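Nothing in this text is a laboratory measurement; each read-out follows from the coordinates by a stated rule. The shown structure was predicted, so the numbers you read here are calculated from the model rather than taken from an experiment. Methodologically, a virtual Cβ is constructed for each residue, glycine included, from the backbone with ideal geometry; neighbour enumeration extends over all protein chains shown.
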Amino acid sequence: MAGPLFVGGDGRTLSRPEDVIHYLGKREVHWKARFSAYETAHSWFAAHDVPPAIRATLDTDPVYTDAKLRKAIFEKQTIFDDIERSPSQTDVLAILEVKSGVAVIGVEGKVKESFDKTVDDWNDFAPTKLRRLAGLVERLRLAPSTSIGTLRYQLLHRAVATLVEAKAAGAHDAVVLVQSFNPDNVTNHFDDFQNFATALGAPVSHPGVLSRVIDLEGVRLQLAWTDNPMKSAA
């Protein structure tokens, strides 16, 4: 995969962290030190590679040892069904070269931001929402006994977006990874992520390790939470 290492969701080459502003929903309003978009972009551009904290997490599974970054796509929009609603927008979609060929990492950056609404709060029983939710549940193979309503809706569609992008890239391995910049681990919503991972059958006991593998649509999917130093705290 030749070409620029860092690109925006539209394929435009990115040369510096500030180039990401163009792709944010509220542009400069969302671009502030100690907030996720700023911290995530700066960490990737500083490394000009997979950030060291994420690489350390990936290295807990031999599949990702010596992985090479082919491309990092910032604010990648993914349409994952035929319902006329907004696509899922992944903070960083990383395409890696690994021993098995290609792998995809869907990165969600967080400082103190939550994973937004629970499924119960999001679901107003509109027909389009019921169809979308049913599709997400089916693709993630969530058991009927799972308390889906207490899970964070954002995590469901981010996981499916990563799955869709992995299949599009011909990847057999993928990771849904939260890159957390919360230095004191206060209000970092790790519990919400753990609940989601457990519901998928891929529990995450603590930050810095990859979960067990679950097979979804021929993709070996794992989950992880990485604690990353904050640029603005340096």
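Points to keep in mind about this one:
- Spatial separation of Cα centroids for segment 100-130 and segment 17-31, in angstrom: 20
- Taking the Cα centre of the chain as origin and assigning +1 to Lys and Arg Cβ atoms and -1 to Asp and Glu Cβ atoms, the resulting dipole is close to 220 debye.
- Model label zone, residue 122; criterion: amide N under 19 Å from point 7 Å along Cα-to-beta-carbon; scope segment 149-170: 149-166
- By DSSP, the beta bridges lying fully in the chain are antiparallel in about 50 percent of cases.
- Candidate lysines for bridging to residue 76, where Cα separation is under 17 Å - those fewer than 8 sequence places away on the same chain excluded: 26, 110, 167
- Highest to lowest packing among 158-168, 50-60, scored as the average C-beta count within 10 Å: 158-168, 50-60
- Additional length obtainable on full extension of the chain from residue 205 to residue 100, 0.36 nm per residue less Cα span: 35.2 nm
- Computed Kirkwood radius, in angstrom, where 1/r is averaged over Cα pairs of segment 78-234: 16.0
- Straightening the chain between residue 129 and residue 59 buys 21.4 nm, computed as 0.36 nm per residue apart minus the Cα-Cα spacing.
- With a simple spin-label model that places each label point 7 Å from the Cα along the Cα-to-Cβ direction, the separation between residue 114 and residue 49 comes to 3.8 nm.
- Radius of gyration and Dmax over the Cα atoms of segment 119-212, both given in Å: 14.2, 42
- Calculated [222 nm] ellipticity per residue, helices only, for the chain: -8000 deg cm²/dmol; basis is -39500 (n - 2.57) per DSSP H run with n ≥ 4, divided by all residues, nearest 500.
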